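K.L.:
I'd like to ask you about the structure that follows.
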Amino acid sequence: MKLPNHRISVPTFLKVGKSTLSYLGEILQENELKQVVVFFGNGLINLFGTTVFNSLKAHQIELLHYEELDSTHIEDITKLAFSLPGKTEAIIAIGGGKVIDAAKYASFLKRLPFISIPTSSSSDGFSSSSASLLVEGRRTSVPAKLAYGIVVDLDVIKSAPEKFIYSGIGDLISKITALYDWIYEYEYGVGQLDDFALMIAKKPLTASSVPPLNLLKMIFS
């Protein structure tokens, strides 16, 4: 009898804390990534560019290219990916869903490590292995690169508009019903249940005695 073989991929590193953006160069140096490309969301170079550039320079990380990205058209991202310098060792995205989806797809095409740096907690898309892009005018989920590393600067996250914070709360709470949906489908013969993945998904909801909604309110108060 052939037993099912499930594999769960996870990022190599996860850095969460205050002012972690200013330690980006050190984090890359620790992971032996010396030549990088950085994509920013709209208007974010003015907000975070100096911090990022100074950190990279302080740790001898070569910035091969940087720009702000707004397009999620698959043709634009494909063209951009294959125009990147050949010596690029990693692609870094700083911002919201658009730039992170674009960068993770470019990383997928170029088979390069992708470093995800979200600037809001509106969803968990910054850690997923798919991207929402425009394909022939329609929003489509396409395969992309799972983040090699995730850097979360709590000072940056807390400065995001309140609506994004509450969107993230909703995304977290939805995990509760999503897990029951998964179990229900499995019990009725639809799909395969992975106990380890189920445990990982439940952990943020059960690790604290404080309900998720109250916990997040405490974090962002």
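K.L.:
Calculated from DSSP H runs of 4 or more alone, at -39500 (n - 2.57) each and per residue, what is the 222 nm mean residue ellipticity of the chain, nearest 500?
P.N.:
It comes out at -13500 deg cm²/dmol, rounded to the nearest 500.
K.L.:
By how many nm would the segment from Leu109 to Leu47 grow when fully extended, if each residue of separation counts as 0.36 nm and the alpha-carbon distance is taken off?
P.N.:
19.4 nm
K.L.:
Further, regarding this structure: Give me a comma-separated list of calculated 3J(HN,Hα) values for the stretch 109-115, in order, Karplus coefficients 6.51, -1.76, 1.60 applied at θ = phi - 60°, integers in Hz, x for any Gly or Pro.
P.N.:
Coupling constants for the stretch 109-115: 5, 8, 6, 10, x, 10, 10 Hz.
K.L.:
On to the next question. Mind putting a number on the dipole of the chain about its Cα centre? Charges go on the C-beta only, +1 for Lys and Arg and -1 for Asp and Glu, and I need it in Debye to the nearest 20.
P.N.:
Taking the Cα centre of the chain as origin, the dipole is about 200 debye.
K.L.:
Can you tell which of Ser174, Ser55, Ser127 shows the greatest fluctuation in a Gaussian network model of the chain with Cα springs below 10 Å?
P.N.:
Taking springs between Cα atoms under 10 Å, the residue moving most is Ser174.
K.L.:
Quick check for you: which residues of the stretch 15-29 have the amide N under 16 Å from the point 7 Å beyond the Cα of Gln60 toward its beta carbon?
P.N.:
Within reach of a label on Gln60: 25-29.
K.L.:
Right, something else. Could you point to the label whose value was computed as Cα Rg over 2.2 N^0.38 Å for the structure here, given (i) 0.98; (ii) 1.08; (iii) 1.21?
P.N.:
Read-out taken from this structure: (ii).
K.L.:
Go through Lys79/Lys175; Lys104/Lys163; Lys18/Lys79 and tell me which ones have a Cα-Cα distance over 32 Å in this structure.
P.N.:
Beyond 32 Å: Lys79/Lys175; Lys18/Lys79.
K.L.:
Using a Förster distance of 25 Å, how high is the FRET efficiency between Lys175 and Asp155, based on the Cβ-Cβ distance and rounded to 0.05?
P.N.:
The pair Lys175/Asp155 has a calculated efficiency of 0.45.
K.L.:
Next question, about the same structure. Over the stretch 4-146, what is the percentage of antiparallel beta bridges among all DSSP beta bridges, to the nearest 5?
P.N.:
Taking every DSSP beta bridge with both residues in the stretch 4-146, the antiparallel ones total about 25 percent.
K.L.:
Give the peptides 9-18, 70-79, 36-45 in descending order of average Cβ contacts within 10 Å, highest first.
P.N.:
Taking the mean over residues of other Cβ atoms within 10 Å, the ranking is 36-45, 70-79, 9-18.
K.L.:
Round to the nearest 0.05 the FRET efficiency obtained for Glu30 and Lys202 when R0 = 25 Å and r is the Cβ-Cβ distance.
P.N.:
It comes out at approximately 0.25.
K.L.:
Taking amide H positions as placed 1.01 Å from N in the peptide plane, with prolines and chain starts having none, which residues 5 or more places from Val152, or on another chain, fall under 5 Å of its amide H?
P.N.:
Close amide H contacts, sequence-distant or interchain: Lys15, Val16, Gly17.
K.L.:
So for the pair Lys18, Glu68, with labels modelled 7 Å out along Cα→Cβ, what separation do we get in nm?
P.N.:
In this crude label model, Lys18 to Glu68 measures out at 2.9 nm.
K.L.:
Given H placed 1.01 Å from N in the peptide plane, which residues other than close sequence neighbours of Gly96 have an amide H under 5 Å from its amide H?
P.N.:
Result for Gly96 returns Gly41, Thr119.
FYI, it's all coordinate maths here, none of it is from the lab. Quick caveat: nothing in here was measured; it's all calculated off a predicted structure. So basically every Cβ, Gly included, is an ideal-geometry build from the backbone, and we count neighbours across all protein chains shown.
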